[in-house]
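Enquirer: Quick one: structure below, then a few questions.
Read-outs: derived from the displayed coordinates by stated rules, not from any lab. Here the structure is a predicted model, which is why all the values come from computation and not from measurement. Note that each Cβ is placed from the backbone with ideal geometry, even for glycine, and that neighbours are counted across all protein chains shown.
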Amino acid sequence: MPKKPEQSSLQKISIALALYQPDIAQNTGTMLRLGACLGVHVHIIHPTGFPFSAKAIKRGALDYLEHAEFTEHLSWAHFRDWQVESGRRLVLLTTKASVSMYAASYAEGDILLMGRESAGVPDAVAETADLRIRIPMRQTMRSLNVAVSASLVLGEALRQTGHFEALT
């Protein structure tokens, strides 16, 4: 699937969402829909666990895909080179973090990195994160769905940086 061109009609929000080698097409579609609705650019880091195409993600994206801004990165190394060159902070959402997503301070330019549904991110990727955060939850529960997690963290980041006011 080719890189989507920028759409000037979308409000530009500098916080971005990045999906590390997503496994499930429906979750990827849902997070692209989330990005479209909130004006947030989404980065897809390949390889994906499914053939990445409009048809594959249609169930989650519905008819919002044409409104989504996203960039595909061929690999983690490609994404990482872009992220470092752009000088943007990488914020990893992980169950292994000790910092609550609500205790963290978010800033313009942050990239919120979501791991694979099946395995999160490798330790080498986690070590590159400038900040590692977790969603507080009952200790007997393992994790939330990745798309639900993305919406919680993205919502808090947009609230802290004042972006919701521009959407209302």
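Enquirer: Within 12 Å, Cβ to Cβ, of D123, how many net charges do the neighbouring residues add up to if Lys/Arg are +1 and Asp/Glu are -1?
Expert: Net charge around D123: +1.
Enquirer: Given a cut-off of under 8 Å on Cα pairs at least six residues apart, what relative contact order in percent is computed for the chain? List each step's numbers first, then the result.
Expert: Values: 308 pairs, mean separation 43.8, N = 168.
Across the chain, relative contact order equals 26 percent.
Enquirer: Could you work out how much longer the chain between K96 and S118 gets when fully extended? Use 0.36 nm per residue separation minus the Cα distance between them, nm to one decimal.
Expert: Computed gain between K96 and S118 is 6.5 nm.
Enquirer: Taking every DSSP beta bridge with both residues inside the chain, roughly what % is antiparallel (nearest 5)?
Expert: The antiparallel fraction comes to roughly 5 percent.
Enquirer: Using 0.36 nm times the number of residues separating S14 and Q160, minus their current alpha carbon distance, what extension gain do you get?
Expert: 51.3 nm
Enquirer: For the pair S105/T71, report the inter-label distance in nm, with labels modelled 7 Å from Cα in the Cβ direction.
Expert: 2.7
Enquirer: Once fully extended, how much extra length lies between Y64 and M141, figured as 0.36 nm per residue of separation less the alpha-carbon to alpha-carbon distance?
Expert: Fully extending the segment from Y64 to M141 adds 24.6 nm.
Enquirer: Let me ask something else about it. What ranking do 25-34, 111-120 get when scored by the average of other Cβ atoms within 10 Å per residue, highest first?
Expert: 25-34, 111-120
Enquirer: Another question, if that's okay. Can you figure out the FRET efficiency of W82 with V148, using R₀ = 30 Å and their beta-carbon distance, to the nearest 0.05?
Expert: Efficiency, from the Cβ-Cβ distance: 0.65.
Enquirer: OK, next. Could you work out the relative contact order of region 76-158, using alpha carbon pairs under 8 angstrom and six or more residues apart, expressed as a whole percent?
Expert: The value is 38 percent.
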